[in-house]
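The values are calculated or read from the model by the stated rules, or taken from the named source; none is laboratory data. Keep in mind it's a predicted model, so treat the numbers as computed, not measured. Every residue, glycine as well, gets a Cβ built from its backbone with ideal geometry; the counts of neighbours run over all protein chains shown.
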Amino acid sequence: MAETLRQAVIFLSHLCGVPLTHKFIMPHMGISVEPTALDPLVPAQVAVELDVKDMKLSAGQLSALTVSARFLVDGTAIGEGTAGARIVNPATYERFRGTVPTEPPAAGEDLLACADVGHATQRNVMLGQSRRPLVWPLRVDPTHPIFFDHPLDHVPGMLLVEAARQAVRAACSRPDADFAVFEADFTKLVEFSYPVDVAVTPVGENNAHAVMRVRMRHNEETLMSLLARVKVP
């Protein structure tokens, strides 16, 4: 759902005339998932209803927007989400980023076991071995075919969301744990050259759901923060 919403923001912006050369900075994304009783043996036909709002123009060009999405199966809502974006030209984007090394990192060799974070292969693991309680180093594989299906100059937000989900799974010792709701704030780009810690803080219980905050930190600066309500087992 999160990746579909991310693509929708970009696609709808281009439909509104944004050039393909422009860059997208997404400061926030939120997703919620409804409990469903879908048959796991039948492929779900998901429809997505999109609503564009809060559109802003700069010199006649779309410069910001918010997209809301509803995900439906046979007319029944199974989830919803909202994401916003700032849209900038290449020159403005370069000023925003500043001067940073852009060489992709080498994938780490100290990964958590894939079974511990709910995956079948080590290639999908985004966390290294913990050196402190509830803190794991972020590990980025720049050859991953999903997160790097096109050239990127920074760590993509969807990889950060997946790393946060894996950190919650490791913190709960529940490889099957997943988000019922998450709200993610992306404060700064996560550069390839940054060593990043993924830290989990239990916030409490809310209607029998575990609530956890995940922070991505570089030199004690929070680059991304995600607040999640975890599905009941």
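Of the numbered criteria (1) more than 26 Å from L138 (Cα to Cα); (2) within 17 Å of the chain's Cα centre (by Cα), the one D74 fails is (2).
Going by the conditions given, is T36 among the hydroxyl-bearing types (S, T, Y), outside the structural domain of T187 (by TED's automatic domain parsing), modelled with pLDDT under 95 and surrounded by 11 or more Cβ atoms within 10 Å (Cβ to Cβ)? Before you say what the answer is, go through the steps one by one.
On the way: among the hydroxyl-bearing types (S, T, Y): yes; outside the structural domain of T187 (by TED's automatic domain parsing): yes; modelled with pLDDT under 95: yes; surrounded by 11 or more Cβ atoms within 10 Å (Cβ to Cβ): yes.
Answer is yes for this residue.
Contact map, the range 1-22: first residue in the same structural domain as S58 (by TED's automatic domain parsing) and part of a helix (DSSP H, G or I), second residue buried (at least 18 other Cβ atoms within 10 Å of the Cβ) and among the small types (G, A, S), Cβ cut-off under 6 Å, separation 6 or more or different chains; pairs are L5/A69; L5/G81; L5/A83; V9/A83; V9/A85. Of the residues contained in the range 216-224, none is found to be among the charged types (D, E, K, R), modelled with pLDDT under 95 and crowded, with 16+ Cβ neighbours inside 10 Å. Scanning the range 149-158 turns up at least one residue that is buried (at least 18 other Cβ atoms within 10 Å of the Cβ), within 26 Å of V33 (Cα to Cα), in contact (Cβ under 8 Å) with a residue 12 or more places away in the chain and not aliphatic (A, V, I, L, M). There is no residue in the range 53-74 that is in contact (Cβ under 8 Å) with a residue 12 or more places away in the chain, in contact with a Pro (Cβ under 7 Å, 6 or more places away or on another chain) and farther than 18 Å from D178 by Cα.
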